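So the structure is just underneath, and the comments pick up after that.
The values are calculated or read from the model by the stated rules, or taken from the named source; none is laboratory data. Everything numeric in this text was worked out from a predicted model, so none of it was measured. Counting neighbours? That spans all protein chains shown, and the Cβs are built from the backbone with ideal geometry, glycine included.
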Amino acid sequence: MRPIIRLITIALPARGRLGLALILGVLALASGTGLMATSAWLISRAAQHPPVLTLMVAIVAVRAFGIGRGVFRYLERLVSHDATLRILADLRTKIYERLERLAPAGLPLRRGDLLGRLVADVDAVQDLYLRALLPYAVAVVVGGASVGLSWLLLPEAGAALLAGLLLAGAVSPWLSALVAARVERRTTDLRGELTAHVVDTFTGAAELIACGAAPARLAEAARIDRELTRALGRSAAMAGAGAAVSALAGGLAVWFALAAGVPAVRSGRLDGVLLAVITLLPLAAFEAVAGLPVAAQYLGRVRRSATRVFAVLDRPEPVREPADPAPLPAPPYEIRVEDLRARWTPGGPYALDGVSLELTPGRRVAVVGPSGSGKTTLTAVLLRFLEPAGGRVTLNGVDLRELAGEDVRRVVGLCAQDAHLFATTIGENIRLARRDATDEEVREALRRARLLDWVESLPDGLDTYVGEHGAQVSGGQRQRIALARALLAGFPVLLLDEPAEHLDIATADELTADLLAATEGRTTLLVTHRLAGLEQVDEIIVLDHGRVADRGTHDELVARPGIYRTLWLREREHDEILC
């Protein structure tokens, strides 16, 4: 029950609203019970043809209970949903804040599965308050009051009602939840699996269609959906069985009350007018417990969903933020990397092992090497996305671990190899770097990224829609838009992580040349697998298996045997073949 207890703790700020919803729920069900009991007494007493004035109180009470039942139910729904939505808003805020600290190194989950946890699982949490805790609390209060009233009129009838309520409100929900536990666990997992599968299918739709794999992928989605439907059907069957037991218990309570009441009337222990009250009272009282078997299933469903949500919230942070961050040093900025070691998982192999470099103001350094040599890991450490496992990285002499991550990322900016473009206009995508930027400033950033002429040739210019994930622009144009965004931000230190990845040779070389031209005079770290154009950088660092295999200028590295020269000759040979 730990996830349930944590959800209750999260709801504490809304306890006032939840308490008011409980009171209104009790008043709504109590009005229904009072309506049934008063109506039963009124009908029985009216059959004796007493003076009308003796019935006026009961007549007014029937009207009051009838109106109050609807009014209190409406207010209860209004208040309970308001409280629940506030709780969900707080929970989603906590999750988003956590994801911000975890991304990107601490999120190995599939995007679809993560989306399912953020949407479906968080939505399921509301059932704890609306369909589990409140119904149980209301049932205890109203059920207890009904048993007390029935016991006061006739102890045997009160005992029968108590037994029926316990059967319908405790035993039946427990059995229902016990049987449905495995089904609910499977349902939650299948729902997350289906969401992940659908998201992956839509994301890779073009590749699936091109490879002819779409039918198989859709068939797999249909299989998961059928399995989920069967699981939901079994869950509904369990709920139906629980409701049937509750209805049976209510009927038995009525019959036992009648069986005990008739002899009591004959012996004079019970007024005949009250026989209808003790007989019909269980019908109203069982309304309070009728939904508890379903509530028990919701409780199991919430527990499973909460476990998935808390699995995200409890993931260890890849970077430890300082409790008392040091102030950000004043510019100009100099970054020193000294004997840096880093790895992505505790106890895993080092992705970087003893790397050192200097980024003095205006200096441009390129980091090259085979895939898996640790190039991207270096950028992750510099951006405070990953904690160093050894050595240190300093900004103007201050260890990055002593600075707040947000402060570091105000100085060090990234233009990533798969820079994301949002489904909006070119101008809005670039203004993500600075919301208050003018059109002229955006155009200047585009000019420096060598994209202004193309943008101005478009009918809508800066208002041109780029499509989902930038689908309506080419790969080179997408990277240039990302570069313009980084340039507009004005980061003192700019990291370019494989900006020419996934581009053809001519476009990659042209983009690399333009990137180096645009960053002239700006402190820059270029991570690339293409070596063309690196004559312009101040130093080239060659990584191999996380270690510095060689370093120097382009001319120095080409002149001596080593990894860089091998890669350079291989690249030239490959380019000549393609040409």
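Could you figure out which of (1) within 20 Å of E539 (Cα to Cα); (2) modelled with pLDDT of 90 or more isn't true of D399?
Failed condition: (1).
Do we have V381 as touching a helix residue (DSSP H, G or I) at 6+ places or on another chain (Cβ under 9 Å) and hydrophobic (A, V, I, L, M, F, W, C) here? Steps first, answer last, please.
Values: touching a helix residue (DSSP H, G or I) at 6+ places or on another chain (Cβ under 9 Å): yes; hydrophobic (A, V, I, L, M, F, W, C): yes.
Yes; evaluated as a whole, the condition is true for this residue.
Does L515 satisfy the criteria of being surrounded by 18 or more Cβ atoms within 10 Å (Cβ to Cβ), touching a strand residue (DSSP E or B) at 6+ places or on another chain (Cβ under 8 Å), in the same structural domain as T377 (by TED's automatic domain parsing) and part of a strand (DSSP E or B)?
No: the conditions fail for L515.
Out of the residues in the stretch 297-311 that are closer than 15 Å to I8 by Cα, of a type in the set (A, V, I, L, M, F, W, C) and under 17 Å from the mean Cα position of the chain (by Cα), which is surrounded by the most Cβ atoms within 10 Å (Cβ to Cβ)?
V302
May I ask you to list the residues in the stretch 41-90 that are within 28 Å of T279 (Cβ to Cβ) and either among the aromatic types (F, W, Y) or not assigned by TED's automatic domain parsing to the domain that holds A11 (or both)?
Listed by number, the residues that qualify are W41, F65, F72.
Do we find a residue being of a type in the set (V, I, T), out of contact with any Asp or Glu (no Cβ under 6 Å at 6 or more places or on another chain) and under 30 Å from G25 (Cβ atoms) anywhere in the stretch 242-250?
Residues of the stretch 242-250 of a type in the set (V, I, T): 245.
Keeping just the survivors that are out of contact with any Asp or Glu (no Cβ under 6 Å at 6 or more places or on another chain) gives 245.
From the residues that got through so far, the ones that are under 30 Å from G25 (Cβ atoms) too are 245.
Yes, that holds for at least one residue.
When you scan the stretch 229-267, how many residues do you find that are modelled with pLDDT of 85 or more and buried (at least 18 other Cβ atoms within 10 Å of the Cβ)?
Going through the stretch 229-267 one residue at a time, the tally reaches 7.
Only one residue in D504, D550, D509 is surrounded by fewer than 23 Cβ atoms within 10 Å (Cβ to Cβ), of a type in the set (D, E, K, R), assigned by TED's automatic domain parsing to the domain that holds Y350 and at pLDDT 85 or above. Which one? Let's see the steps before the verdict.
Values: D504 fails: at pLDDT 85 or above; D509 fails: at pLDDT 85 or above.
None of the others qualify; the one that does is D550.
Among (1) over 17 Å from R336 (Cβ atoms); (2) surrounded by fewer than 17 Cβ atoms within 10 Å (Cβ to Cβ); (3) in contact with a helix residue (DSSP H, G or I) (Cβ under 9 Å, 6 or more places away or on another chain), there is one condition S371 misses while meeting the rest; what is its number?
Going through (1) over 17 Å from R336 (Cβ atoms); (2) surrounded by fewer than 17 Cβ atoms within 10 Å (Cβ to Cβ); (3) in contact with a helix residue (DSSP H, G or I) (Cβ under 9 Å, 6 or more places away or on another chain) one by one, S371 breaks only (3).
Kindly list, by first and then second residue, each pair from a residue in the stretch 345-358 that is in the same structural domain as A389 (by TED's automatic domain parsing) to a residue that is of a type in the set (S, T, Y), limited to pairs with Cβ atoms under 8 Å and residues at least 6 apart or on different chains.
The qualifying pairs are A351/T377; L352/T377.
Kindly check whether there is at least one residue in the stretch 449-462 that is touching a residue at least 40 places away in the same chain (Cβ under 8 Å), more than 35 Å from the chain's Cα centre (by Cα) and buried (at least 21 other Cβ atoms within 10 Å of the Cβ). Walk me through how you get there before you give the answer.
Kept after step one, since they are touching a residue at least 40 places away in the same chain (Cβ under 8 Å), are these residues of the stretch 449-462: 449-450.
Now narrow it down to the ones that are more than 35 Å from the chain's Cα centre (by Cα): 449-450.
Of the ones still in play, those that are also buried (at least 21 other Cβ atoms within 10 Å of the Cβ) are 449.
Looking for residues that are touching a residue at least 40 places away in the same chain (Cβ under 8 Å), more than 35 Å from the chain's Cα centre (by Cα) and buried (at least 21 other Cβ atoms within 10 Å of the Cβ), one finds at least one in the stretch 449-462, hence yes.
Being surrounded by fewer than 20 Cβ atoms within 10 Å (Cβ to Cβ) and among the β-branched types (V, I, T) is the filter; apply it to the stretch 18-54 and report the residue that is modelled with the highest pLDDT.
I23
Filter the stretch 415-431 down to the residues that are closer than 21 Å to L511 by Cα, at pLDDT 85 or above and either in a strand (DSSP E or B) or among the small types (G, A, S) (or both) and list them by number.
Across the stretch 415-431, the qualifying residue is only G427.
I need a count of the residues in the stretch 447-481 that are part of a helix (DSSP H, G or I) and either in contact with a Gly (Cβ under 9 Å, 6 or more places away or on another chain) or of a type in the set (S, T, Y) (or both).
Here the count works out to 8.
Please list, ordered by first then second residue, the pairs with beta carbon atoms under 9 Å, 6 or more apart or interchain, first in the stretch 313-328 and among the β-branched types (V, I, T), second assigned to a loop (DSSP other than H, G, I, E, B) and surrounded by 13 or more Cβ atoms within 10 Å (Cβ to Cβ).
That search, which allows pairs on different chains as well, returns V319/A105; V319/G106; V319/R384; V319/F385; V319/L386; V319/E387.
Could you tell me whether any residue of the stretch 197-205 is in a helix (DSSP H, G or I), within 28 Å of R73 (Cα to Cα) and either at pLDDT 90 or above or under 27 Å from the mean Cα position of the chain (by Cα) (or both)? Step through it out loud before you land on a result.
So the first thing to find is which residues in the stretch 197-205 are in a helix (DSSP H, G or I), and the list is 197-203, 205.
If we keep only those that are within 28 Å of R73 (Cα to Cα) as well, we get none.
So far as the stretch 197-205 goes, no, none of its residues is in a helix (DSSP H, G or I), within 28 Å of R73 (Cα to Cα) and either at pLDDT 90 or above or under 27 Å from the mean Cα position of the chain (by Cα) (or both).
Which of the residues belonging to the stretch 427-436 are farther than 19 Å from T519 by Cβ and out of contact with any Gly (no Cβ under 9 Å at 6 or more places or on another chain)?
First, pick out the residues of the stretch 427-436 that are farther than 19 Å from T519 by Cβ: 427-429, 431-432, 435-436.
Once the filter is applied, which keeps residues that are farther than 19 Å from T519 by Cβ and out of contact with any Gly (no Cβ under 9 Å at 6 or more places or on another chain), the stretch 427-436 yields E428, R431, L432, R435, D436.
Kindly indicate the residue of the stretch 398-428 that is among the acidic types (D, E) and closer than 17 Å to R478 by Cα and also surrounded by the fewest Cβ atoms within 10 Å (Cβ to Cβ) among those meeting that condition. Spell out the reasoning first.
Quick first cut of the stretch 398-428, residues among the acidic types (D, E) only: 399, 402, 406-407, 418, 428.
So of that shortlist, the ones also closer than 17 Å to R478 by Cα come out as 418, 428.
Working: D418: 13, E428: 17.
For the stretch 398-428, the residue satisfying everything is D418.
Could you check V245 against (1) touching a Ser or Thr at 6+ places or on another chain (Cβ under 6 Å); (2) free of Cβ contacts under 8 Å to residues at least 40 places away in the same chain; (3) of a type outside the set (S, T, N, Q) and say which number it fails?
Only one criterion in (1) touching a Ser or Thr at 6+ places or on another chain (Cβ under 6 Å); (2) free of Cβ contacts under 8 Å to residues at least 40 places away in the same chain; (3) of a type outside the set (S, T, N, Q) is unmet by V245, namely (2).
So L24 clears everything in (1) touching a residue at least 24 places away in the same chain (Cβ under 8 Å); (2) over 18 Å from G70 (Cβ atoms); (3) in a helix (DSSP H, G or I) except one condition, right? Which one?
Every condition holds for L24 apart from (2).
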